[in-house]
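Taking it in order: structure first as structure tokens, then the write-up.
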Amino acid sequence: MNRRTLLSAAGLAALAGPLAACSSDSSSSGSSSTSYSIGIMQILTHSSLDAAREGFKSAFEEAGISCEFDEQNAQGDQGTATNIASKFSSQGLDLVLAIGTPAAQAAAQTITQTPVLFTAVTDPTTAQLVESEDAPGGNVTGTSDMNPVAEQIGLIKQIKPDAASVGFLYSSGEVNSQVQIDLAREAADDQGLTVQEKTITNTAELQQAAEALDVDAIYLPTDNNVISGLATVVALCEDRKIPLIVGEGDSVRNGGVITYGIDYTKLGRQTGEMAIRILRDGADPATMPVETQSDLTVYVNEAAAQAMDVTIPDDLLDGAEKVG
């Protein structure tokens, strides 16, 4: 769906963003005389997506591959994301990286002649980015950040045994969030937890939605708008003395209590390694399966736990990555 929309002020600023160069001396086989141009489109700014972007770029630096990155941020606006994708489609780039499900959808709908990789996408099949994760079938593939949602919900009663209810906050328009919430509902039912849900359409609605919850704990999926406003939910949980369980490690660093999840810097680097196989080795995105991260970790923020008046059991602390 190629739609022309008027650029908002944020969109104009995004399209005017600077180029970032990666100009390490090439030492890898086949890369000594080749420089690549790569467009990076990110749906908005928050720590997990930023980490994925930097991880992606680091793969080229570590491989000694010369490249130039055109980095654009849609600032949460889907129309701007579509315009960035249209701009990239006409530039003759070697490859495009789309970070976050809405950005990936804009890229997949608009860019048909250039290889497109996505990262930080929860369910690429439901988002209609690929025909299947094993055989994408087009010019689009990448890495999924599907969370171990059931295990994350299971953490609630481990850190607050008397919890009887949990609140979910997520964006009504994000496919990736709906997939996670469907899994979270099922997991909460298995744990005997009643569920309250509040949806938002943008980050500005988050505080009102969070304040409307009356629950014993809050769970946040890897939702772009919600995580962009994470500090709002952290403050509420500290005030009410209820634990905040989040969907990934960066949100633990930024005030969540605990998660069982992935490292977005590593996920981005993994995506960069896929890009190198396409650009340098001639791999075809159509036959490159969507990849996931296998080395999941328990992340714990002890300061956040203290602020929210919960105790992390020793069996969770043993072997956990302590952050924050």
Practice task
Return yes or no: is Leu316 over 28 Å from Lys57 (Cβ atoms) and hydrophobic (A, V, I, L, M, F, W, C)?
Solution key: yes
Problem - Test: Gln113 is open to solvent by 10 Å² or more (accessible area, probe 1.4 Å), outside any helix (DSSP H, G or I) and at pLDDT 95 or above - result: yes
Problem - Filtered residues of the stretch 26-65 (kept if over 17 Å from Phe118 (Cβ atoms), open to solvent by 10 Å² or more (accessible area, probe 1.4 Å) and at pLDDT 95 or above) - result: Tyr36, Ser37, Ser58, Glu61, Glu62, Ala63
Practice task
Check whether at least one residue in the stretch 223-230 is in contact with a helix residue (DSSP H, G or I) (Cβ under 9 Å, 6 or more places away or on another chain), in the same structural domain as Asp315 (by the TED database), more than 19 Å from Leu49 (Cα to Cα) and surrounded by 18 or more Cβ atoms within 10 Å (Cβ to Cβ), and report yes or no.
Solution key: no
Handout entry: First in the stretch 71-85 and free of Cβ contacts under 8 Å to residues at least 60 places away in the same chain and part of a strand (DSSP E or B), second anywhere and open to solvent by 30 Å² or more (accessible area, probe 1.4 Å) and not polar (S, T, N, Q), Cβ under 7 Å, 6 or more apart
Key = Gln72/Leu15
Practice task
Considering every residue within the stretch 286-299, establish whether at least one is among the acidic types (Asp, Glu) and surrounded by fewer than 24 Cβ atoms within 10 Å (Cβ to Cβ).
Solution key: yes
Exercise for the section: Could you please let me know if Asp263 is under 14 Å from the mean Cα position of the chain (by Cα) and crowded, with 24+ Cβ neighbours inside 10 Å? Expected result: no
Problem - Among the candidates Ala217, Ala210, residue that is over 17 Å from the mean Cα position of the chain (by Cα), within 21 Å of Gly154 (Cβ to Cβ) and modelled with pLDDT of 95 or more - result: Ala217
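Pick out the one residue from Val233, Val215 that is touching a Gly at 6+ places or on another chain (Cβ under 7 Å) and not in a strand (DSSP E or B).
It is Val215.
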Exercise for the section: With the checklist (1) part of a helix (DSSP H, G or I); (2) at pLDDT 95 or above; (3) open to solvent by less than 10 Å² (accessible area, probe 1.4 Å) in hand, flag the one item Ser251 doesn't pass. Expected result: (2)
Practice task
Kindly establish whether Glu186 is surrounded by fewer than 20 Cβ atoms within 10 Å (Cβ to Cβ), outside any helix (DSSP H, G or I) and in contact with a helix residue (DSSP H, G or I) (Cβ under 8 Å, 6 or more places away or on another chain).
Solution key: no
Fill in the blank from the handout: Those residues of the stretch 167-183 which are hydroxyl-bearing (Ser, Thr, Tyr) and either part of a helix (DSSP H, G or I) or open to solvent by 50 Å² or more (accessible area, probe 1.4 Å) (or both) amount to Ser172, Ser177
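What about Glu131, is it open to solvent by 10 Å² or more (accessible area, probe 1.4 Å) and closer than 24 Å to Cys237 by Cα? If you could, list the steps in order and put the result at the bottom.
Values: open to solvent by 10 Å² or more (accessible area, probe 1.4 Å): yes; closer than 24 Å to Cys237 by Cα: no.
No, not satisfied.
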Problem - Failed condition for Leu316, given (1) part of a loop (DSSP other than H, G, I, E, B); (2) in contact (Cβ under 8 Å) with a residue 24 or more places away in the chain - result: (1)
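The values are calculated or read from the model by the stated rules, or taken from the named source; none is laboratory data. Since the structure is predicted, the reported quantities are computational estimates derived from the model, not experimental observations. No Cβ is skipped: glycine too gets one built from the backbone with ideal geometry, and neighbour counts run over all protein chains shown. Protein only, heavy atoms only, side chains kept; ligands, DNA and RNA dropped before computing areas. Shrake-Rupley method; radii C 1.70, N 1.55, O 1.52, S 1.80 Å.
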